[in-house]
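Here the structure is laid out as structure tokens; the discussion comes afterwards.
The values are calculated or read from the model by the stated rules, or taken from the named source; none is laboratory data. Since this is a predicted model, take the numbers as computed values, not measurements. Positions of Cβ are backbone-derived with ideal geometry, glycine not excepted, and every protein chain shown enters the neighbour counts.
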Amino acid sequence: MNDLTHFSDSGRARIVDISEKRVTVRVATAAGILRMRTATLARIRANAIAKGNVLAVADVAAVMAAKQTPTIIPMCHAISLAGVEIAFEDVIERDAENCPGIRVVATVTSIGQTGVEMEALCAANVALLTIYDMCKAIDRGMRIESVQLLEKRGGKSGIWKRSVAS
């Protein structure tokens, strides 16, 4: 038996058959940080970026990404999402380059037979990329870091939580 469920016993890639799985509420939360100059963060918070309200656009982009996950990740199932929540938090703690940042937290919920971890990770990544895109003209040195699954609930494996979240 192969432990990697996206590969058949002969080694071919495949979408996993979930027809025998129980329908449960599935929730996943992922997060990541975009580090930037202090002035960039201040302009985002003051809604003073020429392209518009950065966080509002990133919020919509994250929801769209969660909904489109199976179109960009080949072995993801097309699932019905019950909810997508996006939160933005200032990261005041400075990194080694003295940069603050914005932390994006994406929580995705579904009622179904497979989890929503990939949808949460896609949502967080696309929100971060959208902020970068909208601010790159004033701060090309921004860095995306620490994108990771924080928690998942539902299904046979139950609850999984990252023991140390960054």
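Structure values in brief
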quantity	calculated
Residues that are touching a helix residue (DSSP H, G or I) at 6+ places or on another chain (Cβ under 8 Å) and of a type in the set (S, T, N, Q), drawn from region 48-72	GLN68, THR69
Qualifying residues in region 128-166 (those that are surrounded by 18 or more Cβ atoms within 10 Å (Cβ to Cβ) and small (Gly, Ala, Ser)) - the one farthest from ALA31 (Cα to Cα)	GLY155
Checklist (1) farther than 16 Å from LEU149 by Cβ; (2) part of a strand (DSSP E or B); (3) under 10 Å from the mean Cα position of the chain (by Cα) applied to VAL104, failing item	(1)
Of all residues in region 73-114 being acidic (Asp, Glu) and free of Cβ contacts under 8 Å to residues at least 40 places away in the same chain, the one that is farthest from LEU128 (Cα to Cα)	GLU93
Those residues of region 53-66 which are part of a helix (DSSP H, G or I) and without any contact (Cβ under 8 Å) to a residue 24 or more places away in the chain, in sequence order	ALA56, VAL60
Where PRO74 falls short, out of the listed (1) exposed (fewer than 12 other Cβ atoms within 10 Å of the Cβ); (2) in a loop (DSSP other than H, G, I, E, B); (3) out of contact with any strand residue (DSSP E or B) (no Cβ under 9 Å at 6 or more places or on another chain)	(3)
Close pairs (6 angstrom Cβ cut-off, 6 or more residues apart or separate chains): more than 20 Å from ILE102 (Cα to Cα) in region 142-155, not hydrophobic (A, V, I, L, M, F, W, C) anywhere	LYS152/GLY115; LYS152/GLU117; GLY154/THR24; GLY154/ARG26; GLY155/THR24; GLY155/GLY115
Filtered residues of region 43-66 (kept if surrounded by 13 or more Cβ atoms within 10 Å (Cβ to Cβ) and touching a Cys at 6+ places or on another chain (Cβ under 9 Å))	ARG43, ILE44, ILE49, VAL54, ALA62, ALA65, ALA66
Qualifying residue in region 59-76 (condition: in contact with a Pro (Cβ under 7 Å, 6 or more places away or on another chain) and on the phi < 0 side of the Ramachandran plot)	yes
Count of region 117-138 residues which are more than 8 Å from the chain's Cα centre (by Cα) and either at pLDDT below 95 or in a helix (DSSP H, G or I) (or both)	9
Single unsatisfied condition, GLU89 versus (1) surrounded by fewer than 21 Cβ atoms within 10 Å (Cβ to Cβ); (2) within 20 Å of LYS152 (Cβ to Cβ); (3) touching a strand residue (DSSP E or B) at 6+ places or on another chain (Cβ under 8 Å); (4) modelled with pLDDT of 95 or more	(2)
